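First the structure, in the form of structure tokens, and then the observations on it.
The values are calculated or read from the model by the stated rules, or taken from the named source; none is laboratory data. Computed from a prediction, not measured in an experiment: that's the story for all the values here. Note that each Cβ is placed from the backbone with ideal geometry, even for glycine, and that neighbours are counted across all protein chains shown.
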Amino acid sequence: MSASTKAATPWWLSGPALLLFAALLLVPLALTAVLSFNVYDPATGPKAGEFTLEHYAHVFTDSYYHGIFWRTFWISGLVTLICVLVGAPEAYVLSRMRNPWRSVLLLVVLAPLLVSVVVRAFGWSMLLGPEGAVNGLLRLVGIGPVKMLYTEIAVIVALVHVMLPFMVIPVWTSLQKLDAGVENAALSLRASPFTTLRRIVLPQVMPGILSGSLIVFGLAASSFAIPGLLGGRRLKMVATVVYDEYLHELNWPLGAAVALVLLAANLIVMLSYNRLVEGRYKKALG
Amino acid sequence: MTKNGPLALAFNALVITFMLAPLVVVCIVAFTPENTLTIPTTHFSLRWFEAAFAHPDFMQSFWNSLWLALASATIATLIAVPAGMAITRYAFPGRDFLNGLFLSPLIIPHLVLGVALLRLFALVGGTGSFGWLVMAHALIVTPYTLRLVVAALVGFDRSAEQAALSLGASQVTMFRRITLPMILPGVTGGWLLAFINSFDEVTMSIFVTSPSTVTLPVRMYMYATESIDPLMAAVSALMVAVTAIAMVVLDRVYGLDRVLVGRR
């Protein structure tokens, strides 16, 4: 085998995958980027040869889109915070259990990940509806029926349910690397359990919490089915607005612009966060 | 190891309840004999399952989703195995780029992929074509197969391969008789994970399906935005059942905990 054919081998091996990703990922993304600059005529649709910045100007100046983006980002931020506050302790509690409970309950927490998000949204719409189980419980403690369905509450609750596994997984993984001896040493040196948790456990699972937050925030900000089914017609998030632009308003260039702004915002958040985290931990690890 | 206190166990019980509640309620309501979404207390009935199986749109979508998931998972596996070998066994310029590219559908929102593919399909006349839809699904499930194939290849002892080659086996024979059997759990695990993810996908599919290729999750999404009745619960329960079967098989061939949280 000559040197040049040997150098080509990995490209032959990944050729089919590369072909698929070029044709169905790189080309369509480029086409969409071009489309977002095309002039849109309500009578005839997008005009291929004419370009404008109008759609981006629209997205950045129209208060309607400001409202949508702001709502999407605060809901995603709050969902991320709740996932940290629930997912990290849950992973810790699970990691301190004994088998078989430990593996069974871990699967119970993680397995809903594999069930379609439409099914889970439907489940929450039943639980949170005016006659649902949650309102039934609230009535028992004397709080009148609370309107949750088609409000931010339903969207946030269901998003936490969908995202929680994405927080538990990285925290669990970093907990597995934790040396129980260090924890025991702290306790035997008379650190209180709380101090041990704060000074020993927390710093070591911090990378897991941070990478979990990143995934949760990104997925929540671009979530479609949950706000679509539980937010109703008025409570729009970025993804549902893009869907409307495409399939109801038929203004593809504007929809493409909104989608690409979302993609860019997501990538910026992820990359800057990544850099921040990496910088901190490189320093901490020397 | 220290034990969990009562407070920690109560917290754990609450989280578990929270995670299971929507799935349990869906599966119970599916058995209601009533016309409304009520939890059956005295009587259980299969009437809504019968209604689901008699519903031509849902049945068509079910078969669409099933064939789509089978075909796209198979294509994803066929391209991920050689790509995984290229990434794990060769050092070449562009390796990190390829690895990042092949995993990128995990990071790029499915909404953006849906929008982008809709544009492509409109230009090439692929709207409504099942073949293009299969390719689109193969794209989004390839990262799942690739990850498990790479994981299998990384912990691979190559001495058996070298022995086969030194005994005169061809590259093809070596791959078929030595390499493939050794990475088979990763390959089948990846195929199943790809199957589940294709079967459940809704956000991208809603942009690129047409009335004849609507998948089951998309059909359910559209149905639920218009009306909510126990038929939806029955279809949801069936969906949970299909996913659960695939999960049990996945657990047998690869180990569910390994798929979900990586190596133990």
Determine which member of the set A:Leu127, A:Leu81, A:Leu107 is of a type in the set (A, V, I, L, M), within 7 Å of chain B (Cβ to nearest Cβ) and more than 30 Å from B:Gly255 (Cβ to Cβ). A:Leu127
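Residues are listed down the side, and each one gets a yes or a no for (1) modelled with pLDDT of 90 or more; (2) outside any helix (DSSP H, G or I); (3) among the aromatic types (Phe, Trp, Tyr):
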position	(1), (2), (3)
B:Ser198	yes, no, no
B:Thr203	yes, yes, no
B:Thr213	yes, yes, no
B:Ala246	no, no, no
B:Leu250	no, no, no
B:Asp257	no, no, no
B:Leu260	no, no, no
Could you tell me whether A:Leu202 is in contact with a helix residue (DSSP H, G or I) (Cβ under 7 Å, 6 or more places away or on another chain), hydrophobic (A, V, I, L, M, F, W, C) and more than 15 Å from A:Leu81 (Cα to Cα)? no
Hey, which of the helices (runs of 4 or more DSSP H) in segment B:1-111, taking only ones fully inside, have at least 2 residues that are within 12 Å of chain A (Cβ to nearest Cβ), over 21 Å from the mean Cα position of the chain (by Cα) and touching a residue at least 24 places away in the same chain (Cβ under 8 Å)? B:56-89
Looking at (1) over 15 Å from the mean Cα position of the chain (by Cα); (2) closer than 22 Å to B:Leu117 by Cα; (3) more than 9 Å from chain A (Cβ to nearest Cβ), can you tell me which one B:Pro185 breaks? (2)
Could you list, in sequence order, all residues of segment B:81-125 that are more than 15 Å from A:Leu25 (Cβ to Cβ), buried (at least 20 other Cβ atoms within 10 Å of the Cβ) and either touching a strand residue (DSSP E or B) at 6+ places or on another chain (Cβ under 8 Å) or among the small types (Gly, Ala, Ser) (or both)? B:Gly84, B:Ala86
Which condition from (1) buried (at least 23 other Cβ atoms within 10 Å of the Cβ); (2) at the interface with another protein chain (Cβ under 9 Å from one of its Cβ atoms) is the one that B:Thr243 breaks? (1)
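Results for (1) charged (D, E, K, R); (2) touching a residue at least 60 places away in the same chain (Cβ under 8 Å); (3) touching a Ser or Thr at 6+ places or on another chain (Cβ under 7 Å), shown as yes or no for each residue.
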site: B:Tyr144; (1), (2), (3): no, yes, no
site: B:Ser166; (1), (2), (3): no, no, no
site: B:Trp191; (1), (2), (3): no, yes, yes
site: B:Val240; (1), (2), (3): no, yes, no
Residues being at the interface with another protein chain (Cβ under 7 Å from one of its Cβ atoms), farther than 27 Å from A:Leu230 by Cβ and charged (D, E, K, R): count how many of those fall in segment A:86-104. 1
Quick check: anything in segment B:131-138 surrounded by fewer than 17 Cβ atoms within 10 Å (Cβ to Cβ) and part of a loop (DSSP other than H, G, I, E, B)? no
Give me a count of the residues in segment A:54-69 that are at pLDDT below 90 and not in a helix (DSSP H, G or I). 0
When the residues of segment A:222-271 are narrowed to those that are more than 8 Å from every other protein chain (Cβ to nearest Cβ), small (Gly, Ala, Ser) and not in a loop (DSSP other than H, G, I, E, B), which ends up surrounded by the fewest Cβ atoms within 10 Å (Cβ to Cβ)? A:Ala264
Within segment A:23-64, take every residue that is away from chain B (no Cβ under 14 Å) and aromatic (Phe, Trp, Tyr) and give me the one that is surrounded by the fewest Cβ atoms within 10 Å (Cβ to Cβ). A:Tyr64
Among the numbered criteria (1) under 30 Å from A:Ser36 (Cα atoms); (2) within 20 Å of the chain's Cα centre (by Cα), which single criterion is violated by B:Thr127? (2)
Residue hits (segment A:194-238; among the aromatic types (Phe, Trp, Tyr) and at pLDDT below 85) are A:Phe194
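Considering each of A:Leu140, A:Leu149, A:Leu202 in turn, give the residue that is surrounded by 15 or more Cβ atoms within 10 Å (Cβ to Cβ) and either on the phi < 0 side of the Ramachandran plot or within 10 Å of another protein chain (Cβ to nearest Cβ) (or both).
A:Leu149
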Count of segment B:199-219 residues which are within 11 Å of chain A (Cβ to nearest Cβ) and in contact (Cβ under 8 Å) with a residue 40 or more places away in the chain: 14
